[in-house]
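The values are calculated or read from the model by the stated rules, or taken from the named source; none is laboratory data. These numbers were taken from a predicted model, which means no experiment stands behind them. Cβ sites come from the backbone with ideal geometry, for glycine too, and all protein chains shown count toward neighbours. Each accessible area value is taken on the protein alone, full model and side chains, heavy atoms only, with ligands, DNA and RNA left out. Shrake-Rupley method; radii C 1.70, N 1.55, O 1.52, S 1.80 Å.
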Amino acid sequence: MTVSAPPIVAIATAPGRGGIGVVRLSFGSLDAAAIAPLIEGVCGQALEPRHAHYLGFRDDDGSVIDRGLALYFPAPHSYTGETVLELQGHGGPVVMQLLLARCLRLGDSIGLRLAEPGEFTRRAFLNDKLDLAQAEAVADLIEASTEAAARSAARSMDGAFSDAVHALVDKVIHLRMLVEATLDFPEEEIDFLEAANARGQLAEIQTQLADVLRQSTQGALLREGLNVVLAGQPNVGKSSLLNALAGAELAIVTPIPGTTRDKVQQTIQIEGIPLNIVDTAGLRDTQDEVERIGIQHTWDAIGKADVVLHLIDAPSYAQHGLSAADDEINDRIAGMIPAGTPILRVVNKIDLAPAAGDMTFGGNRPHVVAANGPNPTEIWVSAKQNKGIDLLRATLLRVAGWQAGGGGVYLARERHLVALRAAQRYLREAEDRANEQAQSLDLFAEELRLAQEQLNSITGEFTSDDLLGVIFTRFCIGK
Ligand code: GDP
Ligand code: ZN
């Protein structure tokens with residue numbers, strides 16, 4: 001239990017109107033006697049633990065603000081691990097505000113205040129209800145923009161990712177214990193690595209870590225999505241291609257969380273991976289301030305591109321090769337994207353260029369042909385007739401590093417990937433130490449310790465307050 005945590009309150013449901021709205025209170029370190037007047041004040045009665053009471057929520061003058069369910073969870077059996085009161089009323093903004101205000105007045109004498117963003121979940125973490133990776137998964141589940149992202153966030157929230165990390169930590173600890181024990185008996189040091197099969201154990205840990213890292217990298221892709229830049233001359237079929245790529249899934253397209261949808265930015269999904277697509281056609285000189293801001297966002301997005309689709313016109317390309325205008329577009333984009341970003345040349349309207357059509361889809365011709373250029377991948381498609389689109393989808397995901405059918409995925413964050421990679425480096429160092437002529441068990445043990453420290457940071461053992469602040473303030477209020 002947190003030492004002297006104050007009681008907090010917030011509207012836990014999303015702003016706006018809905019069937020149900022919830023005001024949630026977590027009472028910090030207060031005991032039942034201190035809380036009772038507030039509960040009786042708003043509910044008009046005492047509450048039985050973990051029972052749903054249907055009752056009227058009372059205002060200062062005894063009038064009924066709303067009717068709904070009151071739920072009382074004495075510590076430690078609650079979301080936060082503290083005593084929690086949940087008032088479920090009707091989901092209107094005014095009625096929720098009235099209920100919240102009433103609670104704040106009643107709780108004035110016990111120090112009740114509005115919760116900060118993420119404060120409920122932060123308390124759940126501090127009270128060992130969740131580890132840090134699980135707490136982050138709560139936010140990721142709420143913010144998930146595709147079904148696959150939501151499902152993998154739920155897996156992480158349930159502890160699948162934490163379990164995998166803990167399994168690694170356990171093995172590192174086991175190996176460290178062996179090493180430490182040997183350090184106490186220096187005369188046996190020489191034989192230790194052989195006798196305990198330390199190298200074998202280390203190799204096993206490394207393999208397991210590589211597996212966790214692979215699944216986490218996939219999860220990060222699910223969470224962050226892929227930034228795709230769509231370039232090409234007017235009328236080449238960019239909008240049509242976007243629709244073809246989105247296919248039937250267009251109906252569940254959602255904007256990038258936290259940003260307004262620019263008319264030049266759209267999010268579609270392929271196999272559950274969000275694709276943030278920027279249409280460079282929207283880039284033009286303008287005096288309009290709002291449009292200018294939109295265009296600046298577009299340039300920013302291009303600077304973060306994971307892959308570029310350069311659309312060109314099949315009839316003209318098949319006859320004359322790359323036009324000067326397309327050459328210029330290619331150079332301009334290549335100059336702005338991060339180094340090494342793949343550019344896929346998408347040759348569209350093959351239905352209008354029979355020769356090209358035959359070349360791509362007739363006989364045994366390959367569907368992807370190499371061309372000249374720095375990252376020369378060409379895909380021939382017809383957005384209109386939906387030809388070559390599946391291949392384009394698969395290629396897009398492949399160049400982004402997505403491995404289809406990779407099994408369970410952990411919805412990991414960049415922070416987790418950084419820690420996993422650092423742990424991987426320390427284990428490699430340990431391996432080097434073990435392979436040295438003059439084996440130094442001290443150094444071997446130290447590398448293992450550093451690797452463990454990185455792994456522990458994922459689940460939040462020994463985490464600094466600063467990091468906690470960064471993580472939890474990104475939550476919404478009420479979480
Ligand atoms: P954008 O300006 O690059 O976004 O191009 P649009 O997607 O608006 O398409 C321009 C025109 O080309 C429209 O009339 C489309 O119907 C047509 N178009 C797009 N893709 C194809 C294709 O694969 N084959 C044919 N025949 N027409 C296409
Ligand atoms: Zn268009």
* For segment 1-78, what is the Kirkwood hydrodynamic radius in Å, using each pair of distinct C-alpha atoms? -> 13.7
* Output ³J(HN,Hα) for segment 49-64: one whole-Hz value per residue in order, computed from phi by the Karplus curve 6.51 cos²θ - 1.76 cosθ + 1.60 with θ = phi - 60°, and x for Gly and Pro. => x, 6, 10, 8, 9, 8, 7, x, 7, 8, 8, 4, 8, x, 5, 8
* Asked: What is the local net charge at Arg413, summed over the other residues whose Cβ is closer than 12 Å to its Cβ (Lys, Arg +1; Asp, Glu -1)?
  -> -2
* With each label point set 7 Å from Cα along the Cα-Cβ vector, what nm distance links Glu194 and Asn386? -> 6.7
* Structure fact -> The set of residues whose placed amide H lies less than 5 Å from the amide H of Ala12, leaving out same-chain residues fewer than 5 positions away, is Val22, Val23, Arg24
* For Leu226, enumerate residues with amide H under 5 Å from its amide H, sequence gap 5+ or separate chain, H modeled in the peptide plane. => Leu275, Asn276
* **Spatially proximal lysines relative to Lys349 (Cα-Cα < 17 Å; intrachain offsets below 8 disregarded)** => Lys238, Lys384, Lys387
* Under a Cβ-Cβ cut-off of 11 Å, what is the net charge of the residues other than Ala150 that fall near it, where Lys and Arg count +1 and Asp and Glu count -1? -> 0
* Ignoring ligands, DNA and RNA, what accessible area per residue does segment 105-247 give at 1.4 Å, in Å²? -> 44
* Neighbourhood charge, 10 Å Cβ-Cβ cut-off, centred on Leu98 and excluding it, Lys, Arg +1 and Asp, Glu -1 -> -1
* **Spin-label pair Ile110/Arg332, simplified geometry with 7 Å Cα→Cβ offset, distance in nm** => 6.4
* **Links that overshoot a 26 Å alpha carbon limit, given the list Lys171/Lys479; Lys304/Lys479; Lys129/Lys479** => Lys171/Lys479; Lys304/Lys479
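Largest first, how would Lys479, Lys171 line up by accessible area (1.4 Å probe)?
Lys171, Lys479
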* Structure fact -> For the pair His77 and Asn435, the simple spin-label estimate (label points 7 Å beyond Cα toward Cβ) gives in nm 5.5
* Gained length - Ser240 relative to Glu40, 0.36 nm times residue gap less alpha-carbon distance -> 65.9 nm
* Want the number for Val290 to His320: 0.36 nm per residue separation, take away the alpha-carbon distance, what's left? -> 6.8 nm
